[in-house]
Ligand code: 6CS
């Protein structure tokens, strides 16, 4: 790993100058929170609210510093920093976490979730079975999982129209770095290309890649709309992230501090849902204003979605093979929960 200079400085900070966990009485406690997105993003709104609530409710005894994307390295590096307890909290998105926790890639499968976004959010935020299995999987990697939540639907940005899987044939399509995403897009005939977030804009500009996916707010703030011709909303998968902390650090905390963290993480689920919906709505309008010539396809027909759904089915078995471990169990679990909801609400499901 090529360590960023800031990381080296943080890692070498002498004990007592900044500490995490058990401090002498009266000393201010400092926690660090690294995010995978820049200032102004959904993750930034989350981390800033986390900071405010922790600082207020600890009466200033705890101070939180937020490190936006670009200050501490790529998503993979940020997760390593949590493992090292150089930072105590971070966002760890399944799109990048698959090499470390293969089963988390279930969240990357296309057409696995319901078209009912409200249900998906409940499942991610509150389902005790889902929470338990992922708590265990994260704990095995020295991570304490605090919450699983969505930043909104993934949207494709491409330089040519896409209405059927065959339109992906030969397209150099950027994906996050989890291995399953290669299978997900290669199943449509694309040439999937993993890249860190920070390299996507220039790769699009230089035509090294011809498409990518992200929620609307991210497309706007990373300026991907400047270097694309089409924006397509297939409603194939939400962008899911997870909030994590270092497990040993968390377990070493006095109970009132660990309770405070859990309480704040729970509260933030509702807060961040409002934020992501607002950001995604407002920034779509900003994109329209900036690029009136951009073709925005705000939904595929049922038949078109069915073609993508069919083409993505073999990837479910590939997921079980690639991820191994408890992959079959987590896949069954999510499929059963979604099927039960969709069956009970058949005919009444909202259009995505
Ligand atoms: O595409 C990515 O790599 C990134 N997208 C978002 C919306 N958040 C973080 C992630 O690294």
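FYI, it's all coordinate maths here, none of it is from the lab. Fair warning: this is a prediction, and the values are worked out from it, not measured in the lab. Note: ideal-geometry Cβ built from the backbone for every residue, glycine included; neighbour counts use all protein chains shown.
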Here the residues within the stretch 234-253 that are within 21 Å of residue 120 (Cα to Cα) and more than 14 Å from the ligand (Cβ to nearest atom) are 234, 235, 236
Scanning the stretch 57-78 for residues that are over 17 Å from the mean Cα position of the chain (by Cα) and part of a loop (DSSP other than H, G, I, E, B), the one surrounded by the most Cβ atoms within 10 Å (Cβ to Cβ) turns out to be 72
Matching residues in the stretch 248-262 (within 19 Å of residue 52 (Cβ to Cβ) and in contact (Cβ under 8 Å) with a residue 12 or more places away in the chain) number 4
For residue 146, indicate whether it is buried (at least 20 other Cβ atoms within 10 Å of the Cβ) and in contact with a helix residue (DSSP H, G or I) (Cβ under 7 Å, 6 or more places away or on another chain). yes
query = Is one or more of the residues making up the stretch 142-159 outside any strand (DSSP E or B), under 19 Å from residue 232 (Cα atoms) and either without any contact (Cβ under 8 Å) to a residue 24 or more places away in the chain or more than 16 Å from the ligand (Cβ to nearest atom) (or both)?
reply = yes
When restricted to 112, 123, 100, 81, the only residue over 13 Å from residue 244 (Cα atoms), within 16 Å of the ligand (Cβ to nearest atom) and either crowded, with 24+ Cβ neighbours inside 10 Å or more than 13 Å from the chain's Cα centre (by Cα) (or both) is 100
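Suppose we filter 339, 311 for residues that are farther than 23 Å from residue 140 by Cα and free of Cβ contacts under 8 Å to residues at least 12 places away in the same chain; which single one remains?
339
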Subset of the stretch 29-46, residues surrounded by fewer than 24 Cβ atoms within 10 Å (Cβ to Cβ) and in a helix (DSSP H, G or I), comes to 44, 45
Open item on the list: Looking at the stretch 214-224, can you tell me whether even one residue there is out of contact with any strand residue (DSSP E or B) (no Cβ under 6 Å at 6 or more places or on another chain), surrounded by fewer than 21 Cβ atoms within 10 Å (Cβ to Cβ), at positive phi and in contact (Cβ under 8 Å) with a residue 24 or more places away in the chain?
Closed with: no
When the stretch 91-120 is checked residue by residue, the ones that are assigned to a helix (DSSP H, G or I) and in contact with a helix residue (DSSP H, G or I) (Cβ under 6 Å, 6 or more places away or on another chain) are 94, 96, 97, 102, 103, 104, 105, 106, 107, 108, 119
